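A short write-up of the structure that comes next.
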Amino acid sequence: MSELINLSLTDQIHGLADKSFSSREIADAYLDEIKKKKSLNCYISVFEEESKENALLADENIAQNKVRPLEGIPIAHKDIFCIKDKKTTCGSKMLSSFISPYSSEVFTKLDNAGAITIGKTNMDEFAMGSSNETSFYGNVLNPINEKLSPGGSSGGSAAAVRANLCSFATATDTGGSIRQPASFCGVTGIKPTYGRVSRWGMIAFASSLDQAGIIAKNAKDAAVALKYMSGFDQKDSTSLNEEVKDFQKEVDADQEHVIGIPKELIENMKNDQVRDSFKNAISILEKDGAKIEEINLPHIEYSLPAYYVIAPAECSANLARYDGIRFGHRSESVSSLEDLYVNSRTEGFGREVKNRIFIGTFCLSTGYYDAFYNKALKIRNLIKRDFDEAFKKVTSIAMPTCSNSSFELGSISDPVEMYEQDIYTIPANLAGLPALSIPSGKVNEMPIGLQLIGNYLDEGKILNLANKFQKLTDFHEFK
Ligand code: GLN
């Protein structure tokens, strides 16, 4: 039955509908594969018995023609999404014994659509990292080459999709955590418009940037999954009360594309192989009829410093709630209230999280607020305006997802070098725009991603372009 796990989501949906196989057979096949590939460390929790039972219930529904859109499809959730009565760790010792009293809207929506949650995926601690090495649960291995990083922070989700350990996986992206691991693992990842998917029950890192999305085998699968995950939620005050377009229809529609290329950024790239691979991908789309326009994003070079002020600032405020009293790890060795706070946080958080809290607290402190935080917000506005200007003449913007393909685990020790992983992904988060990554070639025998950024609320357009590319190429196929 191992061929069932190789199928795309769309093929699994069709096969279940015409009863070529059952949900229980797909679930069993994934559960077997998860056991075989345990050393990849993709999952923090696996719900073996429960997913088998839920698969049987799905099969009963299918037999009675009570079929919901994702009925009986085994999926994985990044361990940042709360699920009632389940452990939700966010990759941290701080939450290693936290059992959520409620479910995230992302889980509820996909659960209501009939999907079966097979487990929760490994991730960088509190989603801070680009290599999955900050996880309290140990790093994930890249299924294509186990010496290499799967990327981060959603490395567990990307590797699980690539290793055929779930049909698709949810993930989150604050500065690139869906797209960079998708690029490293040769899968498709989409971060929708900020506010498109509810953040209710998704553990906060940097609230004005955090957005949930999907990692899947291809753009068509991602479109289907995203459709059932999106929508207004009054429990999230930043949720957009906007119609969710039918991404499933849009991904396959006949559409015209004008692709903007930030020429300066491409010419300034240090890695020739990444630049050549990018140019090759664009020429494929151009030959297919897409129009190519040069664009200017003059402030984009300030994205990285602006992000690394705004994200830590928000993180320092969000993570203040882990005080050893209301949530998470509580130190045993205390003799005063102050000790309880200090020791619980010292023991519960890992090094990278502590670094971010320090930086963020500094940037928000009296005397530095204007110099750092307010300045970063101004830069954020300028970057947003650059995009608004560009979208007056183009329907999407293309650039590489990352300036390199995957690197060896343990090879980057300088935090700034690690932060540079996000150089091309951060701008879309700062501007709140939808963006995706699709495999578009290889560099050093590892996949490399093409990033497509869409206009506000126009996920359909980039999914459509991605699907066009995947019809013309086979970079997305697992070989
Ligand atoms: N790598 C980035 C960081 O560490 C992005 C993380 C994310 O998108 N969650 O902040």
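Just so it is clear, none of the values below were taken in a lab; they were calculated from the coordinates. Predicted model only: the values in this text are computed from it and were never measured. So basically every Cβ, Gly included, is an ideal-geometry build from the backbone, and we count neighbours across all protein chains shown.
Summarising the strand pairing of the chain, around 70 percent of its internal DSSP beta bridges are antiparallel. When peptides 274-282, 91-99, 221-229, 124-132 are sorted by average Cβ neighbour count within 10 Å, with the highest value leading, the order is 124-132, 221-229, 91-99, 274-282. The mean sequence distance of close C-alpha pairs (under 8 Å, at least 6 residues apart), as a share of the length of the chain, puts its relative contact order at 17 percent. Ranked by the mean number of other Cβ atoms within 10 Å of their residues, highest first, the peptides 208-217, 456-465 fall in the order 208-217, 456-465.
Taking 7 Å steps out from each Cα toward its Cβ at residue 375 and residue 11 produces label points 5.4 nm apart.
Over 27 Å between Cα atoms: which of 93/384; 109/378; 191/479; 227/471; 384/442; 66/461 fall into that group? In this structure, 93/384; 109/378; 384/442; 66/461 lie more than 27 Å apart at Cα. Based on the alpha-carbon gyration tensor of the range 223-305 and its eigenvalue square roots a ≥ b ≥ c, which shape applies: rounded if a/c is under 1.5, prolate if not and a/b is larger than b/c, or oblate? Judged from the Cα gyration tensor, the range 223-305 comes out oblate (a/c at least 1.5, b/c at or above a/b). Scaling the Cα radius of gyration of the range 244-396 by the globular reference 2.2 N^0.38 Å produces a ratio of 1.53.
Rounded, prolate or oblate: which fits the range 33-189 when a ≥ b ≥ c are the square roots of the eigenvalues of the alpha-carbon gyration tensor, with rounded for a/c under 1.5 and prolate only if a/b beats b/c? Prolate, because a/c is 1.5 or more and a/b exceeds b/c. Apply the Debye scattering formula to the range 1-107, with a single equal point scatterer on each alpha-carbon and no solvent, then give log10 I(q)/I(0) at q = 0.18, 0.20 Å⁻¹. The Debye formula, applied to the Cα set alone, gives -0.96, -1.11.
One decimal place: the segment residue 35-residue 283 gains 85.1 nm when fully extended, by the rule 0.36 nm per residue minus the C-alpha distance. Overall, the anisotropy analysis places the range 410-479 in the oblate class: the square-rooted eigenvalues a ≥ b ≥ c of its C-alpha gyration tensor yield a/c not less than 1.5, with a/b not exceeding b/c. Neighbours of residue 223 by Cβ distance under 11 Å: Lys/Arg scored +1, Asp/Glu scored -1, total -1.
Helices meeting the span-like rule in the chain (full DSSP H runs, Cα extent of at least 30 Å along the helix axis, mean Kyte-Doolittle score of -0.5 or higher) are absent. If Rh is defined by the Kirkwood formula over all Cα pairs and Rg also comes from Cα, what ratio Rg/Rh do you get for the chain? Reported Rg/Rh, Kirkwood definition of Rh: 0.96.
Note on residue 270: aspartates and glutamates with a C-alpha under 18 Å away, same-chain residues under 8 apart excluded, are 301, 417, 420, 422. Using the average count of surrounding beta-carbon atoms within 10 Å as a protection proxy, the listed peptides 36-47, 71-82 rank, highest first, as 71-82, 36-47.
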